[in-house]
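J.: Submitted below is the structure of interest, expressed as structure tokens.
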Protein chains: 2
Amino acid sequence: MRILLVGAGGVGDAIAKIAARRDFYEQIIVSDYDEARAHRTVDWITEKHGPDVAARFDTAQIDASDPEVVARVAREHRATHVMNAVEPKFVPSIFAGALAAGADYLDMAMSLSEPHATDPYSETGVKLGDDQFAQAGDWETAGRLALVGMGVEPGLSDVFARYAADHLFSEIDELGTRDGANLVVTDDAGNEIFAPSFSIWTTIEECLNPPVIWEKDAGWFTTPPFSEPEVFHFPEGIGPVECVNVEHEEVLLMPRWVDAKRVTFKYGLGEEFINVLRVLHLLGLDSTTPVRVRSANGPVEVAPRDVVAAGLPDPATIGPRMTGKTCAGLWVTGTGTDGQPREVYLYHVSDNEWTMREYESQCVVWQTALNPVIALELLARGTWSGRGVLGPEAFDAEPFLELMRAPEAEGGYGQAWGLEDRLAS
Amino acid sequence: MRILLVGAGGVGDAIAKIAARRDFYEQIIVSDYDEARAHRTVDWITEKHGPDVAARFDTAQIDASDPEVVARVAREHRATHVMNAVEPKFVPSIFAGALAAGADYLDMAMSLSEPHATDPYSETGVKLGDDQFAQAGDWETAGRLALVGMGVEPGLSDVFARYAADHLFSEIDELGTRDGANLVVTDDAGNEIFAPSFSIWTTIEECLNPPVIWEKDAGWFTTPPFSEPEVFHFPEGIGPVECVNVEHEEVLLMPRWVDAKRVTFKYGLGEEFINVLRVLHLLGLDSTTPVRVRSANGPVEVAPRDVVAAGLPDPATIGPRMTGKTCAGLWVTGTGTDGQPREVYLYHVSDNEWTMREYESQCVVWQTALNPVIALELLARGTWSGRGVLGPEAFDAEPFLELMRAPEAEGGYGQAWGLEDRLAS
């Protein structure tokens, strides 16, 4: 297996660092528009693991927006797999470039949606991943695999869905991805500050898009932003966090392979963050349409959302000033294999202190990066195989979760995941 | 009496329109940096009241930031009184210009404060009006009067304080100005929109400055913004509104002339507006320090607060789309003249529908303008007189409130004010 990793930002960097402890691949080519970023990643690996490990890594410059460039770089490096680790707006070009180069493809976020033109808060328009699934035939014909949505959410959550269906439930009422954290960022004086652990620009986009829900009878439909608020209790000391519906890939993936009555995604933004987003929307500060504003050099035109982003700390820099844990998981309700009502929460927790110490990687970013590495290892072993455009739930979940949980000394990743039986307590 | 009115913005315009129905003065010179605005005001008066009334008005161009220009215009028009109706940042220049021209002076907001350098949320720095009171000796020596803070708040609220001390209480525990409204602004489709009835730029300044409180034992001190929230019940259908401490002139004026144990000012911003201000502060969007932001023409530098203001409707334009009432008043607790505990709310309500119909003036603006006109009439009659720098509470409140309340047919202003005995119900 020769992997072209596209993007050496936070997640790409962490993917390379995690893979550096494994040996299932022949070569990883770390590529970025700014090749210096790729070099930084490989330098870290060299320092941490020595030249023998580093010898399995190479770097390349790449323009992810151009499918022909992606295909050329993939061919030059004889890539068997293209791992997309950049912003979702580049999905179409990398997806096309990988197919053109005859490589398999993985990503962690799917092609973008467009709201319904006249009824955005009840009907779907173009859905997340629609553009990719529309090309499934080409991938099948070519005998190639595109494993889409293979991060943590989507990704691990989808693996949990398949696991619940195969091993825990005879009938599933709801597959509800629930994500929450207790992360706190402090300034130099130790005071808590408002500093989102991910791009506020992207978060506004994600949270103000109409959330999508799937129901067996109704199919896919949308709601207004922040709908159906609920307080979800997260494990390992995170505790209760207010969650709301958010547009996310799981809702588009799970119903294609797993039988359930309802599929939802709720994000534990917390009351404060939801409030911030609401106020930004109320005042039009979420807008990407430029407004005319006075400046020392006369009137200028700026997008309010860019001004909001400009005033906040760069999420890439806050890792060292952050404490707490983030939890990704799937809440499942229905009838257990014993015929009794069952409610479980399957989850994985990532602690920022640990990820910073082991990987110099912020925990939200690191947790995302872990899962595609495990998936690549299963594909390299042949444990997972397929063709066409497939989600994580199209594959047997047990070997994934087993490899994830097994101690490093026994060949695993040493990442415990949890199963909480919520009716049993 | 010959009045130089400085500023033909919202409040200046309304002062001229209210005065046009009275005849206590010889001439009012409506002046503005943009003389066309002054002409618009006089044109309205001509159309509404005819040429005889309009003959008592003149216009002038003025630069309010230059004391020499203010003095020259005042002398040219033989002004006996200079009425300041522009932003408080121009107080020092108009104040100095009036004294230089040998005229008396009135304003509706006092010279600006500066926070304490090291302990802004518990100690005062430069207080509102400090610069003006520092010059009181010059005014006394010259035998001239500066009647400061003579709008509605400060202004009418201070008149109420003197009235309560003279006629309602033997001992006052708290003089608490309380301001609230139920104003709603709608868009063309009739949907309620977020549109402050006053400049968001100024409101941010006012609300994020450390609020000042006066106590007999402690003197003046400050608190963090939005301190001591309370729900105050306003009369005439406005109902309960959440109020918080805000820096305001009453707290600096009342203790100088009226005996009380505590003096406060709370503004009924309402939960939504307080929340908006908090979020703007949390994200640094209240800042006036420019940040670097991308734009279509490359990076530019803009102040976040200017971007916030640029995205909201101009408060001067929302009168026709606004409904509701605004209430200004003073809540007083202590011991009544009968020796029994007493709690009263003295207030005046202004209804936007009425002020728009009668004066084409938005109710918040019109209510501010009413009070200096009454004060000028009392000064013209000689009912009120004084020298030095004095607040409204330095004068007998009864003739003010009587003139205000008396029907127009009987020579008054026909503006009822209320007294609610809150322990009697």
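J.: On the basis of being surrounded by fewer than 23 Cβ atoms within 10 Å (Cβ to Cβ) and modelled with pLDDT under 95, does B:Glu114 make the cut?
T.: yes
J.: To continue, here is another question. Among A:Arg162, A:Arg144, which is within 25 Å of A:Tyr347 (Cα to Cα), basic (Lys, Arg) and touching a residue at least 40 places away in the same chain (Cβ under 8 Å)? Reasoning before the result, please.
T.: Numbers: A:Arg144 fails: within 25 Å of A:Tyr347 (Cα to Cα).
Being within 25 Å of A:Tyr347 (Cα to Cα), basic (Lys, Arg) and touching a residue at least 40 places away in the same chain (Cβ under 8 Å) holds for just one of A:Arg162, A:Arg144, which is A:Arg162.
J.: Pull up the range A:265-281, narrow it to residues that are within 7 Å of chain B (Cβ to nearest Cβ) and hydrophobic (A, V, I, L, M, F, W, C), then point me to the one that is surrounded by the fewest Cβ atoms within 10 Å (Cβ to Cβ). Don't jump to the end; show me each part of the working.
T.: So the first thing to find is which residues in the range A:265-281 are within 7 Å of chain B (Cβ to nearest Cβ), and the list is A:275-276, A:279.
From the residues that got through so far, the ones that are hydrophobic (A, V, I, L, M, F, W, C) too are A:276, A:279.
Working: A:Val276: 25, A:Val279: 22.
Restricting to residues being within 7 Å of chain B (Cβ to nearest Cβ) and hydrophobic (A, V, I, L, M, F, W, C), the top hit is A:Val279.
J.: Filter the range A:282-308 down to the residues that are assigned to a loop (DSSP other than H, G, I, E, B), within 7 Å of chain B (Cβ to nearest Cβ) and surrounded by 20 or more Cβ atoms within 10 Å (Cβ to Cβ) and list them by number.
T.: Residues satisfying the conditions are A:Leu283, A:Leu285.
J.: Further, regarding this structure: Of all residues being aliphatic (A, V, I, L, M) and surrounded by 18 or more Cβ atoms within 10 Å (Cβ to Cβ) in the range B:313-329, which is farthest from the other protein chains (Cβ to nearest Cβ)? Just the residue, please.
T.: The qualifying residue farthest from the other protein chains (Cβ to nearest Cβ) is B:Ala328.
Yes/no matrix, rows are residues, columns are (1) in the same structural domain as B:Gly329 (by TED's automatic domain parsing); (2) among the aliphatic types (A, V, I, L, M):
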position: B:Val126; (1), (2): no, yes
position: B:Asp130; (1), (2): no, no
position: B:Phe133; (1), (2): no, no
position: B:Ala142; (1), (2): no, yes
position: B:Leu147; (1), (2): no, yes
position: B:Gly180; (1), (2): yes, no
position: B:Val184; (1), (2): yes, yes
position: B:Ile193; (1), (2): yes, yes
position: B:Ser197; (1), (2): yes, no
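J.: Would you confirm, using the coordinates I've provided, whether B:Ala218 is within 14 Å of chain A (Cβ to nearest Cβ) and surrounded by fewer than 23 Cβ atoms within 10 Å (Cβ to Cβ)?
T.: In short, no.
J.: Still on this structure: For the range A:185-225, give me each residue that is farther than 23 Å from A:Ser113 by Cβ and in contact with a Lys or Arg (Cβ under 9 Å, 6 or more places away or on another chain).
T.: A:Val185, A:Thr186, A:Asp187, A:Asp188, A:Ile193, A:Ala195
J.: When residues of the range B:72-93 are filtered for being under 17 Å from B:Thr368 (Cβ atoms) and modelled with pLDDT of 95 or more, how many remain?
T.: 4
J.: Considering the range B:135-179 alone, what residues qualify as being touching a helix residue (DSSP H, G or I) at 6+ places or on another chain (Cβ under 9 Å) and either in a loop (DSSP other than H, G, I, E, B) or modelled with pLDDT under 95 (or both)?
T.: B:Gln135, B:Arg144, B:Val148, B:Gly149, B:Met150, B:Glu153, B:Pro154 - these are the residues of the range B:135-179 that are touching a helix residue (DSSP H, G or I) at 6+ places or on another chain (Cβ under 9 Å) and either in a loop (DSSP other than H, G, I, E, B) or modelled with pLDDT under 95 (or both).
J.: For the range B:228-238, what are the residues that are surrounded by fewer than 20 Cβ atoms within 10 Å (Cβ to Cβ) and either part of a strand (DSSP E or B) or β-branched (Val, Ile, Thr) (or both)?
T.: Hits for the range B:228-238 are B:Glu230, B:Val231, B:His233.
J.: Just checking, how many residues over the range A:378-399 are in a helix (DSSP H, G or I), of a type outside the set (A, V, I, L, M, F, W, C) and surrounded by fewer than 23 Cβ atoms within 10 Å (Cβ to Cβ)?
T.: The qualifying residues number 3.
J.: Condition check: buried (at least 24 other Cβ atoms within 10 Å of the Cβ) and on the phi > 0 side of the Ramachandran plot. Does B:Gly180 satisfy that?
T.: no
J.: Which of the residues belonging to the range B:336-368 are surrounded by fewer than 16 Cβ atoms within 10 Å (Cβ to Cβ) and part of a strand (DSSP E or B)? Steps first, please.
T.: Start the filter on the range B:336-368 by keeping residues that are surrounded by fewer than 16 Cβ atoms within 10 Å (Cβ to Cβ), which leaves B:337-341, B:353-354, B:357-358, B:360.
Correct list: B:Pro341 only.
Residue-by-condition table, conditions (1) exposed (fewer than 15 other Cβ atoms within 10 Å of the Cβ); (2) within 14 Å of chain A (Cβ to nearest Cβ):
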{"position": "B:Val184", "(1), (2)": "yes, no"}
{"position": "B:Asp188", "(1), (2)": "yes, no"}
{"position": "B:Trp201", "(1), (2)": "no, yes"}
{"position": "B:Ile213", "(1), (2)": "no, no"}
{"position": "B:Phe226", "(1), (2)": "no, no"}
{"position": "B:Trp257", "(1), (2)": "no, no"}
{"position": "B:Val263", "(1), (2)": "no, no"}
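J.: Name, by its number, the condition in (1) surrounded by 24 or more Cβ atoms within 10 Å (Cβ to Cβ); (2) part of a loop (DSSP other than H, G, I, E, B) that does not hold for B:Gly97.
T.: (2)
J.: Any idea which of (1) in contact (Cβ under 8 Å) with a residue 60 or more places away in the chain; (2) closer than 24 Å to A:Met1 by Cα; (3) crowded, with 21+ Cβ neighbours inside 10 Å is the one A:Leu128 doesn't satisfy?
T.: Evaluating A:Leu128 over (1) in contact (Cβ under 8 Å) with a residue 60 or more places away in the chain; (2) closer than 24 Å to A:Met1 by Cα; (3) crowded, with 21+ Cβ neighbours inside 10 Å leaves (2) as the failure.
Listed here are the residues, each with its yes/no results for (1) out of contact with any Asp or Glu (no Cβ under 6 Å at 6 or more places or on another chain); (2) assigned by TED's automatic domain parsing to the domain that holds B:Asp130; (3) of a type in the set (Lys, Arg); (4) more than 14 Å from B:Leu175 (Cα to Cα).
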residue: B:Glu230; (1), (2), (3), (4): yes, no, no, yes
residue: B:Glu236; (1), (2), (3), (4): yes, no, no, yes
residue: B:Val241; (1), (2), (3), (4): yes, no, no, yes
residue: B:Val244; (1), (2), (3), (4): yes, no, no, yes
residue: B:Lys266; (1), (2), (3), (4): yes, no, yes, no
residue: B:Phe273; (1), (2), (3), (4): yes, no, no, yes
residue: B:Arg278; (1), (2), (3), (4): yes, no, yes, yes
residue: B:Leu282; (1), (2), (3), (4): yes, no, no, yes
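The values are calculated or read from the model by the stated rules, or taken from the named source; none is laboratory data. These numbers were taken from a predicted model, which means no experiment stands behind them. Quick reminder, even Gly has a Cβ in these numbers, built from the backbone with ideal geometry, and neighbours come from all protein chains shown.
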